[in-house]
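Trainee: Got a structure for you, questions after.
The values are calculated or read from the model by the stated rules, or taken from the named source; none is laboratory data. Every value quoted in this text rests on a predicted model; they were computed, and no experiment measured them. Glycine also receives a Cβ, built like all others from the backbone with ideal geometry; neighbour counts cover every protein chain displayed.
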Amino acid sequence: MLTGCAELNSLIQSVPTDAPLSEAEVVEGLKEALIVGSKNSSSILSAVDGYYGDELVKILLPEEASIIIDNLAKIPGGDKLVEDVVLRINRAAEDAAKEVAPIFINSIKQMTISDAFGILKGADNAATQYLSNTTRT
């Protein structure tokens, strides 16, 4: 979604300040920025090493697994086993990222005026929260 925010900022800055926008234009602009961001994010994350090769989004084993990780590190090849598990988890996430854009786009298209202004006036993660709330089953 970070690319969606960048698209939104670019869109906002490209609008002439002397031409007021209607609510419908604001909502459509936000929807378009979020759709572009969703497609871009899905494309980036679904590539090989989209997750695994990016330390910002790489999925690691949870803290609760530290006792297992520590014990595996004591045996020959144990670190390799742990890294293989992390690699497989991230490869699964990369595969799943291929399927996420249509789900997000459907949610974005159903966005109401109230939802859009909630995102625009909300916290930095308001768009992420909106998508999280509207795409969970």
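Trainee: What do you reckon, is Ala47 under 25 Å from the mean Cα position of the chain (by Cα) and modelled with pLDDT under 95? Write out each step before concluding.
Mentor: Working: under 25 Å from the mean Cα position of the chain (by Cα): yes; modelled with pLDDT under 95: no.
No; evaluated as a whole, the condition is false for this residue.
Trainee: Out of the residues in the range 74-115 meeting the condition of being at pLDDT 95 or above and small (Gly, Ala, Ser), tell me which one is nearest to the chain's Cα centre (by Cα).
Mentor: Checked the range 74-115; the qualifying residue nearest to the chain's Cα centre (by Cα) is Ala97.
Trainee: For the range 1-39, what are the residues that are of a type in the set (A, V, I, L, M), crowded, with 19+ Cβ neighbours inside 10 Å and at pLDDT 85 or above?
Mentor: Val27, Leu30, Ala33, Leu34
Trainee: Does the range 40-56 hold any residues that are crowded, with 17+ Cβ neighbours inside 10 Å and either among the hydrophobic types (A, V, I, L, M, F, W, C) or closer than 25 Å to Lys109 by Cβ (or both), and which are they? Give the derivation first.
Mentor: In the first step, residues of the range 40-56 are kept if they are crowded, with 17+ Cβ neighbours inside 10 Å; the result is 40-42, 45-46, 50-52.
Selection gives Asn40, Ser41, Ser42, Leu45, Ser46, Gly50.
Trainee: When you look at Leu56, is it of a type in the set (A, V, I, L, M), out of contact with any Ser or Thr (no Cβ under 7 Å at 6 or more places or on another chain), modelled with pLDDT of 95 or more and over 24 Å from Asn125 (Cα atoms), yes or no?
Mentor: Numbers: of a type in the set (A, V, I, L, M): yes; out of contact with any Ser or Thr (no Cβ under 7 Å at 6 or more places or on another chain): yes; modelled with pLDDT of 95 or more: yes; over 24 Å from Asn125 (Cα atoms): no.
Against the criterion (of a type in the set (A, V, I, L, M), out of contact with any Ser or Thr (no Cβ under 7 Å at 6 or more places or on another chain), modelled with pLDDT of 95 or more and over 24 Å from Asn125 (Cα atoms)), Leu56 does not qualify.
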